[in-house]
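Before I ask anything, let me first share the structure, which is written out below as structure tokens.
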Amino acid sequence: MTHHYLPQTGEEISAMLGACGMKSLDDLFADVPEQLKLKRPYDLPLGMTEAQVTDYFENLAAENRPARVILAGAGYYDHHVPAAIPALVSRSEFMTAYTPYQPEISQGTLQYIFEYQSMMASLTGLEVSNASMYDSATATAEAMMMMVAAGRKKNRVLVSETINPAVRRVVDTYARYHGIDVATIRMTEEGTTDSSHMEQMLGEGGVAGVIVSQPNYYGIVEDYSGFADKIHAAKALMTVNAPASTLAVLKPAGEWGADIACGDAQSLGVPLSYGGPYLGYLTCTNALMRKMPGRIVGKTTDARGNRVFVLTLQAREQHIRRNKATSNICSNQGLMALWVTIYMSLNGPEGLREINERGRDAAHWLRDELTATGRMRPMFAKSPFLNEFAMDTEGLDLDRLFERCAERGILPGVVIGKNQLLIAVTERQSRAQLEEFVELVKTAEK
């Protein structure tokens with residue numbers, strides 16, 4: 001029997017069955033249990049022409065109502081994207097590039113990877129960067145595996161309760177299949193990592209490393225003074241997870257004494273796009289370089305004395321070590337590494353600082369105004385924050401607030417618990433837009 005979505009004729013199907021030594025399609029699928037087989041025809045519409053398909057999806061897309069004001073964060077942020085970036089990244093030599101195993105014909109790709117690594121090492125205050133990971137969650141999971149690999153048979157990793165829950169779930173998944181024991185460091189009442197609890201757990205022994213975040217999931221800027229000393233005294237390593245953009249204004253992981261820094265580089269101008277593609281960064285000390293997955297590009301000179309770039313430490317990658325590789329990650333979206341490299345080049349250190357300062361000022365203003373409405377109050381009023389903060393919303397109907405905001409094209413934040421809202425502000429939101437949101441909160445139903 002022919003089907004209008006399948007091009008094979010009855011004669012062709014019979015010929016294929018004959019080549020398999022079977023007489024019917026029922027024979028072909030005989031191993032499939034009867035209860036799993038569909039007993040009725042597929043409920044599919046008739047085929048459409050190319051023009052009809054185009055019209056169908058354009059009409060479907062027209063029903064979308066994209067938000068014009070995005071106050072949602074929780075790890076991914078709405079930053080301005082300079083027009084020069086998509087124009088440069090969409091050039092054919094970048095769009096068609098692949099893993100540069102042959103350096104003599106891949107100098108452009110190798111150079112921008114080298115520049116990316118140099119910038120990320122500078123931002124994090126550490127010595128070595130790869131290029132790169134899939135996102136913040138996989139970068140953090142790989143950091144955990146690096147600490148265990150360097151931990152001389154220690155297989156316990158401590159993770160602060162203040163880390164992004166989505167990151168923690170991926171870390172737990174990686175740990176489950178690598179025999180790693182992940183334990184949680186308690187959070188204090190002010191939303192910070194409990195250092196005394198961490199010290200107690202370190203004293204129990206067997207700890208390969210500790211993972212904290214900065215700012216943490218609730219937007220709080222934590223003070224990690226002395227953490228590295230306590231962790232290193234227990235013969236363990238320290239990892240700091242942070243959104244890349246904040247590294248321009250906050251004390252970087254290297255200055256805290258951390259051994260590894262990781263996180264998402266989406267905040268460096270990568271547009272929000274239904275979950276990706278994004279970019280996870282991973283940097284470390286020289287001592288951990290050979291435990292790091294992913295590409296590392298080095299600079300050298302050729303026989304004529306010219307500066308050239310090559311892939312280095314390739315024994316780590318799957319195309320050589322395969323099942324013995326440190327990680328299953330061999331390469332990543334090089335295009336996204338190029339994207340953030342151009343973003344950092346265009347803005348420079350002062351530009352990145354200004355972007356963060358504008359987000360900080362607007363976020364602090366907004367939190368004060370929302371608190372003044374009497375409908376919200378800060379969950380962690382005494383803790384410092386940069387551009388993201390958590391609010392208790394018991395004074396209003398949160399579902400109805402989201403509905404009213406959606407009608408005005410505003411995404412008011414991320415719900416993180418019952419009557420709890422996490423709000424992020426960047427340089428993208430104007431004072432008028434924030435005032436509009438405050439008015440919606442003032443008039444929201446209780």
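The values are calculated or read from the model by the stated rules, or taken from the named source; none is laboratory data. Since the model is a prediction, treat every value here as computed from it, not as a measurement. Reconstructed Cβ throughout: ideal geometry from the backbone, glycine too, with neighbour counts over all protein chains shown.
What's the number of the only condition in (1) surrounded by fewer than 17 Cβ atoms within 10 Å (Cβ to Cβ); (2) within 25 Å of M336 (Cα to Cα) that T246 fails to meet?
Only one criterion is unmet by T246, namely (1).
Looking at V167, is it free of Cβ contacts under 8 Å to residues at least 60 places away in the same chain and either outside the structural domain of D264 (by TED's automatic domain parsing) or within 22 Å of the chain's Cα centre (by Cα) (or both)?
For V167, the condition - free of Cβ contacts under 8 Å to residues at least 60 places away in the same chain and either outside the structural domain of D264 (by TED's automatic domain parsing) or within 22 Å of the chain's Cα centre (by Cα) (or both) - is not met.
In this structure, is A261 in the same structural domain as E204 (by TED's automatic domain parsing), in contact (Cβ under 8 Å) with a residue 24 or more places away in the chain, surrounded by 24 or more Cβ atoms within 10 Å (Cβ to Cβ) and among the aliphatic types (A, V, I, L, M)?
The answer is yes for A261.
With (1) under 23 Å from S327 (Cβ atoms); (2) assigned to a strand (DSSP E or B) as the list, and H178 as the residue in question, which single condition is left unmet?
(2)
Need a quick list: strands (runs of 3 or more DSSP E) entirely within the range 335-446 having at least 2 residues that are over 24 Å from the mean Cα position of the chain (by Cα).
Where strands (runs of 3 or more DSSP E) fall fully within the range 335-446, none carries at least 2 residues being over 24 Å from the mean Cα position of the chain (by Cα).
Looking at Y112, Y42, Y76, Y116, which is the one that is touching a residue at least 60 places away in the same chain (Cβ under 8 Å) and in a loop (DSSP other than H, G, I, E, B)?
Criteria check complete, one pass: Y76.
Right, something else. (1) loosely packed, with under 13 Cβ neighbours inside 10 Å; (2) not in a helix (DSSP H, G or I); (3) not aliphatic (A, V, I, L, M): which one isn't true of D55, the others all being true?
(2)
Six or more apart or on different chains, Cβ under 7 Å: which pairs go from a residue in the range 353-373 that's over 19 Å from T393 (Cβ atoms) to one that's at pLDDT 95 or above and acidic (D, E)? Could you list them?
Close Cβ pairs (under 7 Å, with a partner that is at pLDDT 95 or above and acidic (D, E)) amount to I355/E427; R358/E427; G359/E427.
Filter the range 422-435 for residues that are surrounded by fewer than 16 Cβ atoms within 10 Å (Cβ to Cβ) and touching a strand residue (DSSP E or B) at 6+ places or on another chain (Cβ under 9 Å) and give the result.
The one that is surrounded by fewer than 16 Cβ atoms within 10 Å (Cβ to Cβ) and touching a strand residue (DSSP E or B) at 6+ places or on another chain (Cβ under 9 Å): S430.
Sticking with this structure for a sec: For the range 23-32, state whether one or more residues are farther than 30 Å from E407 by Cβ and among the polar types (S, T, N, Q).
Within the range 23-32, one or more residues are farther than 30 Å from E407 by Cβ and among the polar types (S, T, N, Q).
Counting just the residues of the range 139-174 that are of a type in the set (D, E, K, R) and in a helix (DSSP H, G or I), which one comes out surrounded by the fewest Cβ atoms within 10 Å (Cβ to Cβ)?
R169
To continue, here is another question. I'm trying to understand the selection: among the residues of the range 1-40, which are among the acidic types (D, E) and exposed (fewer than 11 other Cβ atoms within 10 Å of the Cβ)?
Matches in the range 1-40: E11, D26, D31, E34.
What about E190, is it of a type in the set (D, E) and either without any contact (Cβ under 8 Å) to a residue 24 or more places away in the chain or over 20 Å from S383 (Cβ atoms) (or both)?
Numbers: of a type in the set (D, E): yes; either without any contact (Cβ under 8 Å) to a residue 24 or more places away in the chain or over 20 Å from S383 (Cβ atoms) (or both): no.
Against the criterion (of a type in the set (D, E) and either without any contact (Cβ under 8 Å) to a residue 24 or more places away in the chain or over 20 Å from S383 (Cβ atoms) (or both)), E190 does not qualify.
Tell me, which residue of the range 38-69 that is of a type in the set (A, V, I, L, M, F, W, C) and within 34 Å of the chain's Cα centre (by Cα) is farthest from E436 (Cα to Cα)?
Once the filter is applied, the top-ranked residue is V53.
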